[in-house]
Protein chains: 2
Amino acid sequence: MAVRTIEVRERVMARNDELAADVRRLLAEHRVPAFNLVSSPGSGKTLLLERTLQELGGRLRIAVITGDVQTQNDADRLSRYTDRLVQAVVTGGACHLDARQILTALEEVDLANTDLVFIENVGNLVCPASWDLGEAAKIVLFSTTEGEDKPAKYPKMFQQSSYAVFTKMDLLPHLTFEMEKAKAQALEVNPDLSFFFTSARTGDGLDEWYAFLEGQVAEARRA
Amino acid sequence: MAVRTIEVRERVMARNDELAADVRRLLAEHRVPAFNLVSSPGSGKTLLLERTLQELGGRLRIAVITGDVQTQNDADRLSRYTDRLVQAVVTGGACHLDARQILTALEEVDLANTDLVFIENVGNLVCPASWDLGEAAKIVLFSTTEGEDKPAKYPKMFQQSSYAVFTKMDLLPHLTFEMEKAKAQALEVNPDLSFFFTSARTGDGLDEWYAFLEGQVAEARRA
């Protein structure tokens, strides 16, 4: 029984990897980088995207694929800032997006006239770590309200991510959260991780984030 | 392929329900209520348990089954307050505990000399909603830092829970979180939900929580 489940799971994962390779090829053809935003529920993915669309939307053509479990709350919030929004509906108790959903969603995106794609994954620190979506990189959001031990408890997610964005930095004075400890724990599971330190509410640290995104778009164009 | 996966999944779930019934029978025999704590990562399950063990540990014999994904951080933290701790190791990318793990963990618990069992599930608002562990009730923790829309986005978890414990209430003055909106969203998906309003840091609201637990233990003994 257990063995059978694992076999089926492996075939599903292998198929996902093929489709992720298709996504990656398609994005490379159009020289469009895609970033897969992963995090706990409520860590601030949608708010970071709202701010980013507001600030960079005039300079970069940004598409967003958003994967809510049940509602279209996130899609509603983001559609105020972009007309390049595709909602991938996640059904049947699934806890992550998969590459097939991204491939389908990208059919709705005019990639020839797009500079950058964000994928807003399901809020979950376990499942999305195992699913390649063909993204340029996974970016994990790490809310300062969640405690410093998240990388140790969810190592795969931090290992699979290239960047970690600390969010809700404005709350630090009211928390017992120790930033040095959090960074050390993150680097212990993934020494290659780069950090951003942001508050989408106050705007602190967002300039570095925007500069990073513009740099990634420029680099993809040169590739 | 998809159909095959679903068939296997259904058989796994059916087997889980049988094992959950075994857990429920075993706990009923000993008149011990078990509460399954579910939430996002970092919402404060372990801290609430630490405080509860500190405060009630002298009056009630409390066992804890904790399910960390990768570390034994939570087990280490809790073992300072109880010698009735069993760690269920969650491996292979699983995002929840299952009834078999609880049944196995309960072999380590002297139920004849236990008043109350807590199950600290994996921090995840999707997967644990689908798995009956034989508990008396699921209790969802809802951190005020996560945004009011969690019940709408993760309705199954709030539907499956009998109680919602708001955590980190001490941060409310620094957040845009609207409690009335959060409660309304929770009651919309589950009108039978009862609430607690707590800060494990300041101790606010914990007296109601302790009184509830003592009431549940007394009720189970009368049953």
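The values are calculated or read from the model by the stated rules, or taken from the named source; none is laboratory data. Remember, it's a predicted structure, so these values are computed and weren't measured experimentally. Note that we place each Cβ from the backbone using ideal geometry, even for glycine, and neighbour counts take in every protein chain shown.
Listing for the model above:
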item	result
The range B:166-179, residues that are outside any helix (DSSP H, G or I), over 22 Å from residue B:52 (Cα atoms) and not hydrophobic (A, V, I, L, M, F, W, C)	B:176, B:178
Lone qualifier among A:164, A:182 - being buried (at least 21 other Cβ atoms within 10 Å of the Cβ), of a type in the set (A, V, I, L, M), over 29 Å from residue A:93 (Cβ atoms) and at pLDDT 95 or above	A:182
Test: residue in the range B:102-125 that is within 19 Å of residue B:46 (Cα to Cα) and more than 15 Å from the chain's Cα centre (by Cα)	yes
Check on residue B:105, more than 25 Å from residue A:147 (Cα to Cα), away from chain A (no Cβ under 11 Å) and at pLDDT below 95	yes
Residue under evaluation residue B:127, criteria (1) within 14 Å of another protein chain (Cβ to nearest Cβ); (2) farther than 30 Å from residue B:89 by Cβ, criterion not met	(2)
Counted residues, the range A:142-157 - those being surrounded by 24 or more Cβ atoms within 10 Å (Cβ to Cβ), under 27 Å from residue A:23 (Cβ atoms) and touching a Ser or Thr at 6+ places or on another chain (Cβ under 8 Å)	1
Residue in the range A:9-21 that is assigned to a loop (DSSP other than H, G, I, E, B), more than 15 Å from residue A:109 (Cβ to Cβ) and within 14 Å of another protein chain (Cβ to nearest Cβ) present	no
Matching residues in the range B:111-165 - criterion: being over 20 Å from residue A:96 (Cβ atoms) and of a type in the set (Lys, Arg)	B:138
Residue check for residue B:195: crowded, with 19+ Cβ neighbours inside 10 Å, within 23 Å of residue B:133 (Cα to Cα) and hydrophobic (A, V, I, L, M, F, W, C)	no
Breaking point among (1) facing chain B (nearest Cβ under 10 Å); (2) within 16 Å of residue B:95 (Cβ to Cβ), for residue A:121	(1)
Residue check for residue B:187: farther than 25 Å from residue A:168 by Cα, more than 12 Å from every other protein chain (Cβ to nearest Cβ) and in contact (Cβ under 8 Å) with a residue 40 or more places away in the chain	no
Residue list for the range B:26-76, restricted to those being without any contact (Cβ under 8 Å) to a residue 60 or more places away in the chain, surrounded by fewer than 22 Cβ atoms within 10 Å (Cβ to Cβ), within 11 Å of chain A (Cβ to nearest Cβ) and under 20 Å from residue B:124 (Cα atoms)	B:70, B:71, B:72, B:73
Condition met for residue A:168 (within 14 Å of chain B (Cβ to nearest Cβ) and either within 30 Å of residue B:199 (Cα to Cα) or among the β-branched types (Val, Ile, Thr) (or both))	yes
Filtered residues of the range A:140-165 (kept if assigned to a loop (DSSP other than H, G, I, E, B), within 7 Å of chain B (Cβ to nearest Cβ) and not polar (S, T, N, Q))	A:146, A:147, A:149, A:154
Selection status of residue A:135, surrounded by 16 or more Cβ atoms within 10 Å (Cβ to Cβ) and touching a Gly at 6+ places or on another chain (Cβ under 7 Å)	no
One residue from B:141, B:125 being at pLDDT 95 or above and either within 20 Å of residue B:27 (Cα to Cα) or not polar (S, T, N, Q) (or both)	B:141
Lone unmet requirement of (1) within 17 Å of the chain's Cα centre (by Cα); (2) within 13 Å of chain A (Cβ to nearest Cβ) for residue B:174	(1)
Wholly enclosed strands (runs of 3 or more DSSP E) of the range B:28-139 bearing at least 3 residues in contact with a Phe, Trp or Tyr (Cβ under 8 Å, 6 or more places away or on another chain), within 28 Å of residue B:186 (Cα to Cα) and of a type outside the set (Val, Ile, Thr)	B:34-38
Residue check, residue A:202 at the interface with chain B (Cβ under 10 Å from one of its Cβ atoms) and either more than 14 Å from the chain's Cα centre (by Cα) or closer than 30 Å to residue A:27 by Cα (or both)	no
